[in-house]
Amino acid sequence: MFQYEKAWQAVMARIGRAAAMAGRSPESVRLLAVSKTFPPGAVRSVHALGQRAFGENYVQEALAKMDALADLPGLEWHLIGPLQSNKTGPVAERFDWVHTVDREKIAVRLSAARPASRPPLNICIQVNISGETTKSGVAPDAAVALAQAVARLPGLTLRGLMGISEPIDDDKTRRRQFGRLRECFEACRMAGLAVDTLSMGMSADLEAAIDEGATMVRVGSAIFGARGQRSEGAKK
């Protein structure tokens, strides 16, 4: 049995149950396995189970994994960590998705750096749904305007919105914050934007997120275990 098989299957089962409870099909929710700080071997093992989408926070660490795993078919790399302006070049060249666009400047840089030989880069707008000053993300009332700006840029495909709930043990607060992101998503659709991705929910709260409409959940510790320190020398 693969090292991560039981954990990955348990997460898939949680997604299926949550979707069923919400009156949705399990296929309506994608699992993004958050592999940040874990070695290439961990990604290789979970890939062998059928997982294809992996989320990384740190650009240099992710690029090293991409090189180490270049032999694996169908890998889809998602940047889910904050993106600095000086890292937009390698991100545009190597990643498939970016979930953390929170200002037009970053989107413009990604657009300019996306190679014409590659498919458009999939973009999610990060929305600060909790209102925490320590969190990145555009304010909810500015989400539609930023989404419209991204949708006009060549080399990018606007896919939807991403948000992170406040890390507290309060289901009502989480649901209220997820509901706020869903309202932003619906506002984007009302504005004529062809969004299809609502990226919200993690290991501790994926059920609530799915019930509130998540189409993608980002799960790390429930698959890979407790997260250790980043490898020495890794940089954002």
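Structure data summary
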quantity	calculated
Förster radius 35 Å - calculated FRET efficiency between residue 168 and residue 142, Cβ distance, rounded to 0.05	0.90
Selection of trypsin sites (Lys or Arg not before Pro), the stretch 184-227, meeting DSSP coil and at most 15 other Cβ within 10 Å	227
Where labels lie 7 Å past Cα in the beta-carbon direction, separation of residue 3 and residue 30 in nm	2.6 nm
Under 13 Å, Cβ to Cβ, from residue 202 - net charge with Lys/Arg +1 and Asp/Glu -1	+2
Candidates 197, 134, 100: whichever shows maximal mean-square fluctuation once the chain is modelled as a Gaussian network with Cα springs under 10 Å	134
Most mobile of 80, 168, 106 in a GNM of the chain (Cα contacts under 10 Å)	168
Rg and Dmax [Cα atoms of the chain; Å; Rg one decimal, Dmax integer]	16.9, 48
For residue 157, residues with placed amide H under 5 Å, excluding near neighbours	121, 122, 123
Kyte-Doolittle at least -0.5, axis length at least 15 Å by Cα - qualifying DSSP helices, the chain	5-21
Spatial separation of Cα centroids for the stretch 81-110 and the stretch 143-200, in angstrom	17 Å
Rel. contact order, % - alpha carbon contacts under 8 angstrom, at least six apart, the chain	22 percent
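Every read-out reported here was derived from the displayed coordinates using simple, explicitly stated rules and does not represent laboratory data. Keep in mind it's a predicted model, so treat the numbers as computed, not measured. For neighbour counting, all protein chains shown are included, and Cβ atoms are generated from backbone atoms with ideal geometry for every residue, glycine included.
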